[in-house]
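FYI, it's all coordinate maths here, none of it is from the lab. Please read all numbers here as calculations on a predicted model, not as lab measurements. Neighbour counts are summed over all protein chains in view; Cβ atoms, including those assigned to glycine, are modelled from backbone coordinates with ideal geometry.
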Protein chains: 2
Amino acid sequence: MSARGFPEAEYRARCDRLQTEMADAGLSALLLTTEADVRYVTGFLTRFWESPTRPWFVVLPAEGRPVAVIPAIGAPLMARTWVRDVRTWVSPDYSDDGVSLLAATLAEVVPAGGAIGVPTGGETHLRMPLDTWAAVQQRLSDRRFAGDGDLMRRTRMVKSPAEVDKIAAACAVAARAFARVPEVAREGVPLDAVFRRFQALCLDEGADWVAYLAGAAGPGGYGDVISPATDAPLAAGDVLMLDTGAVLDGYFCDFDRNFTVGPATPEVAEAHRLLVAATAAGFAAARPGATAADLFHAMAGVVGAGADAGRFGHGLGMQLTEPPSLIPADDTVLAPGMVLTLEPSVTLAPGRLMVHEEDIVVTEDGAHWLTPPVGPSLTTL
Amino acid sequence: MSARGFPEAEYRARCDRLQTEMADAGLSALLLTTEADVRYVTGFLTRFWESPTRPWFVVLPAEGRPVAVIPAIGAPLMARTWVRDVRTWVSPDYSDDGVSLLAATLAEVVPAGGAIGVPTGGETHLRMPLDTWAAVQQRLSDRRFAGDGDLMRRTRMVKSPAEVDKIAAACAVAARAFARVPEVAREGVPLDAVFRRFQALCLDEGADWVAYLAGAAGPGGYGDVISPATDAPLAAGDVLMLDTGAVLDGYFCDFDRNFTVGPATPEVAEAHRLLVAATAAGFAAARPGATAADLFHAMAGVVGAGADAGRFGHGLGMQLTEPPSLIPADDTVLAPGMVLTLEPSVTLAPGRLMVHEEDIVVTEDGAHWLTPPVGPSLTTL
């Protein structure tokens, strides 16, 4: 892998884009509270977000660098980012868990009557207690809180070349692990053991951690794609699917592979062939100017309208799934730098499903694969 | 490990306790939106929450089983829980991503003028877009949304014997992995390789996944405890700390171990001895009727007031960190079934810290260790 993190210019460019949109929208500041949004503007990368105890705040003013308003436990790490203004309190503090410090910071960078943008749209949430949110709003009654008009979504959706490199590196790690699945999965091995061993393969191939692994196995297809593994042993005739989000330097891959335990039935072989053809159709349709919906329809033209997943792929980057969604209702116009998963599914029978997934990046002249696309034939275990 | 999941009686007992408190608080329903809260009342266990795209809702009425209002992709898994009323929509839906279905469900179980409880206090958040939240409130203008008065917090804080068994099993997995650290860490091995190999050891010892690993290494102590690993090789004189949250059947452990690369300096050896003594003091103080603050003071009596972590331990269970906090301001009265981490820290010099952590459960007659407590001597690598 290339060096960890990004040069300061990367964060400056991100904030410049956001601040231009903020000016257009009449926002004097952005308030960010989630792991990905905070990291996007600061570079603050830690697994400590797994602890829900403490709130973390970053304020992006109309110009200049972000201001971090964070628990003191995060100060040494934040001090190593490009952020220069790091304000801390010792958290948890039951009398005032950051409310005063955040309100004072916002009052400093936002003039009276000014508007503070907060992400409020699809796929967002506010990572702070509702009581804290009410208290902050009450302290700033002469400022206005408003939705961010999806500007974080729009900005994060287009990846820089350096971000694409990170995602490609995460994909390469998982691709090497998938190539080694025959080492750990065969008839008789319990599915939960396959899950454990596959995660270990991802680590062995260089993943920092394995944030996501789902999968399933069943005769002639599987029932759903989000359940944890049981200890049922793989049996001849099973189709095994593993779908992983391995993380490298804070960026995800998200793709899957299907395997057959012993020879595949003609029905399963044909379903896999269709899924691969649908993915190829999605890839061919992916170019600047096409919409997310166009990619859905390109894949649906091969496999039909799909299962209850509701979509045939999505954005990818600092999170396992990001906007846009490849669904008929998503009119997002694709642009160079957008990273997408192509994830068609077919229902072979009630309760018997197959899903395939690859990752791509949209470029000036079409799309490039970030994962090594599989051929139509299933790998036999 | 014993069987996965819990018998239906476990969920019925949880909901009975919640519903008794709801009646006392005048709440006609609870609205739950986060992974842990949803799982607590339903048993719905999946890593799919890693995707922030879709909102998930569970409504607990004044009596009876919870009602799930969820994306269709989760229907097969939710159907295998004790929940009988599963209402789904195909998500993402840009025109109505669950709002109508949730509002109709709440209107059905809450009479006009009735109150709907939502967790709003410390360590909580609302996992849905603020726009969705506003729309749901607007649809239900003749019902009242209110804080839950921390009833979820109080209820979840006391674990059932079956929950304690799950946490103990997760602790045992990580304890076996920690015992094998000398296999993977020695002078010259880069810290990020140690992190990858330690996670693989946790998986090899039976973890379903490794949701959390932090740590650090440095001469005579480390700078902070939440940073990701660098590729700096371990050097003679380094103190290495690994702190893991391994997950088994949806329950966490959270504890650490310190190691010395070559002989420890007298200063480091003394700091470790103090940390272990502080942990023992916390253990001795842990009994029904003592407060969270009492445990803080018992440990602070040995190591002083501690570093910027702000606390000397916390609750543990379905999440890496849960209430209460072992801080002077936390007057939570300990009760049998509370699972806690004891996590004292000492600052050896500016930027040089050591932290130690064990897990315990409060019982009728004191406390029991869930982790095998280490002795005063550091393990030498």
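What residue among B:GLY218, B:GLY113, B:GLY315 has the largest mean-square fluctuation in a Gaussian network model of chain B, using Cα springs under 10 Å?
B:GLY113
Based on the alpha-carbon gyration tensor of the range B:8-156 and its eigenvalue square roots a ≥ b ≥ c, which shape applies: rounded if a/c is under 1.5, prolate if not and a/b is larger than b/c, or oblate?
Note, shape of the range B:8-156 comes out rounded.
When only DSSP loop residues count, what chymotrypsin sites (Phe, Trp or Tyr not before Pro) in the range B:206-269 have their Cβ near at most 11 other Cβ atoms within 10 Å?
Taking the range B:206-269 and a limit of 11 other Cβ atoms within 10 Å, no loop chymotrypsin sites (Phe, Trp or Tyr not before Pro) are found.
Which order do A:VAL261, B:VAL333 fall in if you start with the one that has the fewest other Cβ atoms within 10 Å?
Ascending number of Cβ neighbours within 10 Å: B:VAL333, A:VAL261.
What is the sum of charges around B:GLY113, taking Lys and Arg as +1, Asp and Glu as -1, for the other residues whose C-beta is under 13 Å from the C-beta of B:GLY113?
Taking every other residue near B:GLY113 into account, the sum is +1.
Taking θ as phi - 60°, what are the ³J(HN,Hα) couplings along the range B:181-186 by the Karplus curve (6.51, -1.76, 1.60), each to the nearest whole Hz, with x for Gly and Pro?
Going residue by residue, I get 3, x, 5, 10, 10, 7 Hz, with x marking Gly and Pro.
Once amide H atoms are built 1.01 Å from N in the peptide plane, which residues 5 or more positions from B:VAL189, or in another chain, come under 5 Å H to H?
B:LEU234
Per DSSP H run of at least 4 residues, take -39500 (n - 2.57); add these up for chain B, divide by its residues and hand me the 222 nm value, nearest 500 deg cm²/dmol.
Theoretical 222 nm ellipticity from helices: -10500 deg cm²/dmol.
So what's the gap between the Cα centers of the range A:10-35 and the range A:362-381, to the nearest angstrom?
Comparing the Cα centres of the range A:10-35 and the range A:362-381, I get a distance of 34 Å.
Using the Karplus curve 6.51 cos²θ - 1.76 cosθ + 1.60 with θ = phi - 60°, what ³J(HN,Hα) values do you get for each residue of the range B:68-79, in whole Hz, with x for Gly and Pro?
9, 10, 9, x, 4, 4, x, 4, x, 6, 5, 5
Among A:ALA29, A:ALA13, A:ALA281, determine the one that fluctuates most according to a GNM of chain A built with springs between C-alpha atoms less than 10 Å apart.
Highest fluctuation of the listed residues: A:ALA13.
Working from Cα positions, state the angle (0 to 90°, nearest 10) between the long axis of helix A:130-139 and the longest principal axis of chain A.
30 degrees
For peptide B:320-329, how many partner chain Cβ atoms fall within 10 Å of a residue's Cβ, on average?
4
What shape does the range B:179-282 take by its C-alpha gyration tensor, where a ≥ b ≥ c are the square roots of the eigenvalues and a/c under 1.5 counts as rounded, a/b above b/c as prolate, and the rest as oblate?
Note, shape of the range B:179-282 comes out oblate.
Within a Cβ distance under 12 Å of B:GLY149, other residues only, what is the Lys/Arg minus Asp/Glu net charge?
-3
Report, to the nearest 10°, how far helix A:292-303 tilts away from the longest principal axis of the Cα atoms in chain A, using its own Cα long axis and a range of 0 to 90°.
On a 0 to 90 degree scale, this one is about 10.
Which angle between 0 and 90 degrees, to the nearest 10, do you get for helix A:266-285 versus the longest principal axis of chain A when only C-alpha atoms count?
40 degrees
What length, rounded to one decimal in nm, is gained on full extension from A:ASP331 through to A:ASP165, with 0.36 nm per residue of separation minus their alpha-carbon distance?
Between A:ASP331 and A:ASP165, full extension yields 57.1 nm more.
Using amide H atoms built 1.01 Å from N in the peptide plane, name the residues 5+ places from A:GLU322, or on other chains, whose amide H lies under 5 Å from its own.
For A:GLU322, whose amide H was placed from the backbone, the distant partners under 5 Å are A:GLY315, A:LEU316.
Give, in nm to one decimal, the length gained when the segment between B:HIS297 and B:ALA62 is fully stretched (0.36 nm per residue of separation minus the Cα-Cα distance).
Contour length minus the Cα-Cα distance gives 80.6 nm.
Hey, what do the phi angles of the range A:371-381 turn into as Karplus ³J(HN,Hα) couplings, whole Hz, using 6.51/-1.76/1.60 and θ = phi - 60°, x for Gly and Pro?
Those phi angles translate into 10, x, x, 7, x, x, 7, 6, 6, 9, 9 Hz.
Using the beta-carbon distance between A:ASP204 and A:TRP369 and R0 = 35 Å, what value does 1/(1 + (r/R0)^6) give for FRET efficiency, to the nearest 0.05?
That pair, A:ASP204 with A:TRP369, gives E of 0.90.
On full extension of the chain, what length is gained from A:ASP192 through A:ALA13, given 0.36 nm per residue of separation minus the C-alpha to C-alpha distance?
Answer, rounded to one decimal: 60.1 nm.
For the range A:161-380, what class follows from the C-alpha gyration tensor (a ≥ b ≥ c being the square roots of its eigenvalues): rounded when a/c is under 1.5, otherwise prolate if a/b is larger than b/c, else oblate?
Verdict is oblate for the range A:161-380.
Can you list the cysteines of chain B that have no other Cys Cβ under 4.7 Å away?
For chain B, the answer is B:CYS15, B:CYS202, because their Cβ atoms have no other cysteine Cβ under 4.7 Å.
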